[in-house]
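Visitor: One structure coming up, written as structure tokens, with questions to follow.
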4 protein chains.
Amino acid sequence: MIKVGILGVSGYSGLLTFELLLGHPDVRVVYVSANNTHGPLNEIWPRLNGKTNLQCQKFDAKKAIELCDLFFLAVPHTASMDVTPRLLKANKKVIDLSADYRLKDLKDYEKWYEVKHKDTRNLAKAVYGLPELYRQDIKKASLVANPGCYPTAAILALAPLVSSQGSQIESIIIDAKSGVSGAGRKVTQGLMFGEVHETFKAYKVLFHQHTPEINLYLSKLSDKPVDVTFVTHLIPVNRGILETIYIQFKDDLDETKIRNLYNKFYKTEKFVRVLSPGLQPELKDVVGTNYCDISLSVCKEKKLLVVISVIDNLMKGASGQAVQNMNIMCGFNEQKGLL
Amino acid sequence: MIKVGILGVSGYSGLLTFELLLGHPDVRVVYVSANNTHGPLNEIWPRLNGKTNLQCQKFDAKKAIELCDLFFLAVPHTASMDVTPRLLKANKKVIDLSADYRLKDLKDYEKWYEVKHKDTRNLAKAVYGLPELYRQDIKKASLVANPGCYPTAAILALAPLVSSQGSQIESIIIDAKSGVSGAGRKVTQGLMFGEVHETFKAYKVLFHQHTPEINLYLSKLSDKPVDVTFVTHLIPVNRGILETIYIQFKDDLDETKIRNLYNKFYKTEKFVRVLSPGLQPELKDVVGTNYCDISLSVCKEKKLLVVISVIDNLMKGASGQAVQNMNIMCGFNEQKGLL
Amino acid sequence: MIKVGILGVSGYSGLLTFELLLGHPDVRVVYVSANNTHGPLNEIWPRLNGKTNLQCQKFDAKKAIELCDLFFLAVPHTASMDVTPRLLKANKKVIDLSADYRLKDLKDYEKWYEVKHKDTRNLAKAVYGLPELYRQDIKKASLVANPGCYPTAAILALAPLVSSQGSQIESIIIDAKSGVSGAGRKVTQGLMFGEVHETFKAYKVLFHQHTPEINLYLSKLSDKPVDVTFVTHLIPVNRGILETIYIQFKDDLDETKIRNLYNKFYKTEKFVRVLSPGLQPELKDVVGTNYCDISLSVCKEKKLLVVISVIDNLMKGASGQAVQNMNIMCGFNEQKGLL
Amino acid sequence: MIKVGILGVSGYSGLLTFELLLGHPDVRVVYVSANNTHGPLNEIWPRLNGKTNLQCQKFDAKKAIELCDLFFLAVPHTASMDVTPRLLKANKKVIDLSADYRLKDLKDYEKWYEVKHKDTRNLAKAVYGLPELYRQDIKKASLVANPGCYPTAAILALAPLVSSQGSQIESIIIDAKSGVSGAGRKVTQGLMFGEVHETFKAYKVLFHQHTPEINLYLSKLSDKPVDVTFVTHLIPVNRGILETIYIQFKDDLDETKIRNLYNKFYKTEKFVRVLSPGLQPELKDVVGTNYCDISLSVCKEKKLLVVISVIDNLMKGASGQAVQNMNIMCGFNEQKGLL
């Protein structure tokens, strides 16, 4: 039984991490904190009424360190790198759901997140928490950078391809669509019900901050640098991401070969499902689960492959994957608390 | 051709008033203002692109008075009573969409809106802008207090009854449901997409500030004071109000008589439609229109009448009714710009 | 480990029952059937991909009886009473989610469901599966009539009151609102996206078929017959029921006394949460859970109590309650698979 | 004053055409028909209550021809070509909202719509009703094939480019997203509220029947055949289409030049709005209007242009454009009834 702390429990991914751990037999959440909201956790989140007596507190590093073995940081970026050094120094395990430890190049971080990085020492040590690619590293990690929601869906959709066909790929376009919870729980005009409901739009066209994360981890897999075109849209639903990915090949495409490639790559992966020919994934089949569903469609004449991937942005795109990482770091069954 | 100014054009009812007037042949909007947002109106509201060159300005009373004959105040309550005295003094007509001039008893205003009233002089002169009841007064008014959205649906649903059967009524319960735009465009946690979508709740149970407005104008119609039970709910839609109203009678109810009462009362009213037996109104039949649809259902054994009324809260519940009032005040055809 | 069959697995409550049982350690689903859809269950419901290899078959009583100890009937009313006699005769336990065994008076059944009852023998034996009221009977039952979704929310909201204050109650009005899944998965014009989204309406005003079920079980608790006024509305959400209930008292109301009554009544009930003063329940706090949340608000001057109750219509209103009943019938921990 | 008939008035585009014409000063709708629904039009569409006394009838060619000068065919494809020959023979003008007269190659029609074409004689004469491209032809046409919703947004987004830069274009990918009303009002499992709400999916990936229509009319503009990649998705909203279009150039792209091209092409077009740099269009800015909004974003390094276009699928994508065509055919101001 490990003892866990959740920082940022007043946000959507903080809450979901808490709820997942309630059902996990080997874990006890003993500490929860938030920046601006304090008091009984079941008053902050009435749906937890009757399930917990925890008090949500202002973060107190000393106390937190005394109580916990492992921390989930479900806080905004820049807040993570403020607390992580101290937690690691006290020999705690840390799973960071923010963007702070994902990019390895300081210039990239500063360009896309528009702040200086304050913890370059641990940046190098952080393991990217995509279990399907980095399971062995995660086992030994004390700091895991939990992937972004868009990058999770993109990298899982493309990993089998770029890792074996990299030189065959001419270009990659990712047309991504996300539900509203992807933006977190912050209060802004643009995320008001009246501004989001019964509409649809693109945003941050060609300059979303998840672009370098996608490129970095795909490039690591490929024998040549990957540089995707990435456009994001907002769907009027609470949860879920769907990415329609267009891969232009240089030479002829063999659908059977591609399909075998994906099936083999994910053969032993519980949380990635490659759909049969003719089927297309949709949000409602993965919302509330830790699955990533992937379909493959080929246009032979155009040498074009269309890969569609869907995840629940709060599950496989955040809290579910974080719990999966915890399971790996702690030697638990990887699926515990997630099925 | 009259010249019109709209204050608070950056809110939902300000925008809709502007859009309705764009299609009105006898009116030109020459001045628009807002508190915190300035610049070209078609940048504030991209849907107006190509339809207007107006600049939205910080309110400047002198300039506004020079330019306009009539003003729509689509501002929050308390802001109206700050500007109205000056506009009236300059002999301008004013249609106030806020709550400032609806309640006549100062104590009521201060109790329910939690501020002191600053313009008691004009309060007494203001005419309640429900044309179906006060058309003759509106014709002569220089200040019209445009009714609240909930009260519009409630009073229209009950007026035929309380004005002729008041003493027969034992109790009235109004179970009201509103779309989100009823709360205006203010930015608050409770109106975020993630907090409103795919849920439903009651709010301000038994203490909504529209209660005294409903009671005041129904009591004026009745031979005894009316004191309704009023509970409000939030529907995850942008627009529309539906009120399910339970009227307990003291004695036996005659359905045909009640139905005749309503049909007669609204016989010449264009914007109130009493539905045929067996039909029930719904939001989508009135959204985008200035109609109020009303159904009548009787439970004879319980001496109970169920009246259901629906309106578009931004049309008949705000901007549509405001334009209707303007038409009456200016001697235009009452339906102009509204069909 | 008991072996379970689910009839009607192609509907929403059939699917959810299956999903709940997947996570139940003492149960194995070994048989699933549907009327018009056959084949691998994970093709009918792609979200089950990777979780089951079961085949959905046309119902075959002989085979089903050989394989299973207990059956969930998630089928339309009238279909249940066709198969139940044979299952009971083979000494199987049956939990019927349809309306077939809820009403005890044949005339009521035939009036409200417009068909003759075909299994009057078992009708008398069926236990009404509301554990908070009938736990002891459920323990010994072989046939449980799982309550309707509206009646579950209504009876739980009113049971403490009618069982102790029945003679004090003048009248009860239930203004009920339900998400769309309450109507099941049948394909009809009225439940198309384009007809339900961004609208709101009342339906079956004063003649919903759940009325006699509510009256029957409340009357059993009360020292005088209960006859509620019941009006239903459709909310544009997938899941959840909220009922706003107005109880007119004859004499003065003591809020503290009422509140104590509810707290005491549900003191040991895990799945009913009586909210603290000032709080109101909402759908999103119970959707996906087996909870019923209840708030109490008093208008002293009018001798009126407003009780608001919410449930997930597919959980406490159908599948969750069915699993709760199974746990009781089989001697499992009542909460197993439900938290 | 021309006299108009609407066939298929029980569908969404039939209703909207009727509503638009109610506000058109030079038109009177004198005849409406539908296949399966007859009786007072304001009972079929309660929102028309008080606005019309027309009876919706089973189509009777003789009667319709006697009464009307011009017909809107808002019927499913294949139904149009059954009635059009007779209407044209009687010298009536016809605007066909179905797909029957859009494709010119019989094999294409038969391949994509899976039926034989029955009216090849008129197929050749039909003018494609996209006013921005074919205004002069529409003026003289007696049969106008009103464009499909997806093709309208696609062709308007690409026309300036393919008509002048055709040889520079390497490839075009259209990632299209549509609201639910695009599928019409037919009753199918896939369009039920419970199947569409709170989800998102791709459908007909790489084989949507609007593909050949897009290719045909873009190819006519270009100096080389255009063959787009076209993938469609379903958004959980009632109305609106957004298309994100990726155009790969062979050589370097000059953003200013491209932007000038679009601004010049649409300089005098009322219903196409090219957005300023940095702005992106969204559904809510065009829903309820006849506008097509277009944004341009350039990725210089990749020689890639991203064009995003939005329309209301029922307005510019169907009924609005049909009225625009009628205005042109009859010599009315092109914007009449549309602003």
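Visitor: Magnitude of the Cβ-charge dipole of segment C:2-125, K/R +1 and D/E -1, about the Cα centre, nearest 20 debye?
Guide: 320
Visitor: Working from Cα positions, state the angle (0 to 90°, nearest 10) between the long axis of helix A:149-165 and the longest principal axis of chain A.
Guide: The helix A:149-165 is inclined about 40 degrees to chain A.
Visitor: Oh, and also: If we hang a label 7 Å off Cα along the beta carbon direction at A:T37, how far is it from the matching labels on the other copies, in nm, shortest first?
Guide: 2.7, 3.6, 4.3
Visitor: Given the options B:N290, B:N91, B:N146, which has the most mean-square fluctuation in a GNM of chain B, springs set between C-alpha atoms less than 10 angstrom apart?
Guide: B:N91
Visitor: Of A:K177/A:K316; B:K300/C:K204; B:K264/C:K303; B:K62/D:K270; C:K3/C:K316, which ones are farther than 27 Å apart at the Cα?
Guide: From A:K177/A:K316; B:K300/C:K204; B:K264/C:K303; B:K62/D:K270; C:K3/C:K316, over 27 Å: B:K264/C:K303; B:K62/D:K270.
Visitor: If you count, for every residue in A:236-249, the Cβ atoms of partner chains within 10 Å of its Cβ, what is the mean?
Guide: The shielding value for this peptide is 4.
Visitor: How far is D:N263 from the same spot in each other copy, in nm, shortest first, if each label point sits 7 Å from Cα toward Cβ?
Guide: 5.5, 6.2, 7.0
Visitor: Which whole-percent values make up P(r) of segment B:1-104 when all C-alpha to C-alpha distances are grouped in 10 Å steps starting at zero?
Guide: Each 10 Å bin holds this share of Cα pairs: 16, 52, 29, 3, 0.
Visitor: Skip the ligands, DNA and RNA, and give the accessible area per residue of segment C:39-123 with a 1.4 Å probe, whole Å².
Guide: So segment C:39-123 comes to 50 Å² accessible per residue, rounded to a whole number.
Visitor: Taking the Cα centre of segment B:150-313 as origin, sum charge times position over the Cβ atoms of Lys and Arg (+1) and Asp and Glu (-1), and report the length of that vector in debye to the nearest 20.
Guide: Here segment B:150-313 has a charge dipole of around 280 debye.
Visitor: Relative to the other copies, what are the label-point distances for B:C330, with labels 7 Å from Cα along the C-beta vector, expressed in nm at one decimal and sorted shortest first?
Guide: Counterpart label points of B:C330 in the remaining copies fall at 2.8, 6.9, 7.2 nm.
Visitor: At a 1.4 Å probe, which residues in segment B:156-190 are at least 50 Å² less accessible with all protein chains present than in their chain isolated?
Guide: Correct list: B:I173, B:R185, B:V187, B:Q189.
Visitor: While we're here: Report the gain in length on full extension from C:N260 to C:S276: 0.36 nm times residue separation, minus Cα-Cα distance, nm rounded to one decimal.
Guide: Value of the extension gain: 4.6 nm.
Visitor: Next question. Keeping the other protein chains in place, figure out the carbon and sulfur percent of the accessible area of segment B:34-82, with a 1.4 Å probe.
Guide: 47
Visitor: What value, in deg cm²/dmol to 500, does the helix sum -39500 (n - 2.57) over DSSP H runs of n ≥ 4 give at 222 nm once divided by the residues of chain D?
Guide: -9000 deg cm²/dmol
Visitor: List the accessible area buried at the contact between D and C, summed over both sides and calculated with a 1.4 Å probe, in Å² to the nearest 100.
Guide: About 1600 Å² of accessible surface is lost on pairing.
Visitor: Rolling a 1.4 angstrom probe over the protein heavy atoms, how many square angstrom per residue are accessible across segment B:150-313?
Guide: On a per-residue basis, 31 Å².
Visitor: Between segment A:275-327 and segment B:190-253, how many Å separate their Cα centres?
Guide: A separation of 44 Å, based on Cα centres.
Visitor: Report, in degrees rounded to the nearest 10, the 0 to 90 angle that the Cα long axis of helix A:255-265 makes with the longest principal axis of chain A.
Guide: Tilt relative to chain A: about 30 degrees.
Visitor: Could you work out how far the C-alpha centroid of segment B:117-166 sits from that of segment A:32-79, in angstrom?
Guide: Their Cα centres are 51 Å away from one another.
Visitor: Roughly speaking, what is the stretch gain from B:K116 to B:L22, that is 0.36 nm per residue apart minus the C-alpha to C-alpha distance, in nm to one decimal?
Guide: Using 0.36 nm per residue and subtracting the Cα-Cα distance, I get 30.2 nm.
Visitor: Would you mind telling me the share, in percent, of accessible area of segment B:270-316 contributed by carbon and sulfur at probe 1.4 angstrom?
Guide: 53
Visitor: Also, I was wondering about something else. Considering only B:F193, B:F230, B:F59, give the residue with the highest GNM mean-square fluctuation for chain B, with springs between Cα atoms whenever their separation is below 10 Å.
Guide: B:F193
Visitor: A follow-up question, please. Compute the helix-to-body angle for C:12-22: its Cα long axis versus the longest principal axis of chain C, expressed 0 to 90° and rounded to tens.
Guide: Roughly 70 degrees between the two axes.
Visitor: What's the FRET efficiency of C:E269 with A:N53 using the Cβ-Cβ distance as r and R₀ = 22 Å, to the nearest 0.05?
Guide: Efficiency at R0 = 22 Å is approximately 0.75.
Visitor: Specify, for chain B, the residue whose C-beta is closest to the rotation axis mapping it onto chain A, with the distance given in whole Å.
Guide: Residue of B nearest the axis onto A, distance in Å: B:F193, 2.
Visitor: Let me ask something else. Would you work out which of C:I311, C:G8, C:V196 lies farthest towards the positive end of the dipole of chain C, given +1 charges on the beta-carbon of Lys and Arg and -1 on that of Asp and Glu, about the Cα centre?
Guide: Farthest towards the positive end: C:G8.
Visitor: List the residues of segment B:273-301 whose accessible area drops by at least 50 Å² when all protein chains are present, compared with their chain alone, using a 1.4 Å probe and counting only protein heavy atoms.
Guide: The answer is B:R273, B:E282, B:K284, B:D285.
Visitor: For chain C, with only Lys/Arg (+1) and Asp/Glu (-1) charged at the beta-carbon, what is the dipole magnitude about the Cα centre, in debye rounded to 20?
Guide: For this selection, approximately 900 debye.
Visitor: Taking only Cα atoms and a 10 Å spring cutoff, compute GNM fluctuations for chain A and point out the largest among A:I155, A:I173, A:I95.
Guide: Taking springs between Cα atoms under 10 Å, the residue moving most is A:I173.
Visitor: Of all trypsin sites (Lys or Arg not before Pro) in segment D:271-301, which ones are in loop regions per DSSP and have a Cβ with at most 16 other Cβ atoms within 10 Å?
Guide: Passing both the DSSP loop test and the Cβ count: D:K300.
Visitor: Carbon and sulfur atoms: what percent of the 1.4 Å accessible area of segment A:120-231 do they account for?
Guide: Carbon with sulfur: 51 percent of the solvent-accessible area.
The values are calculated or read from the model by the stated rules, or taken from the named source; none is laboratory data. Bear in mind the structure is a predicted one, so any value in this text is a computation, not a measurement. No Cβ is skipped: glycine too gets one built from the backbone with ideal geometry, and neighbour counts run over all protein chains shown. For the accessible areas, the whole protein counts, side chains as well, though only heavy atoms, and no ligand, DNA or RNA atoms are used. Shrake-Rupley method; radii C 1.70, N 1.55, O 1.52, S 1.80 Å.
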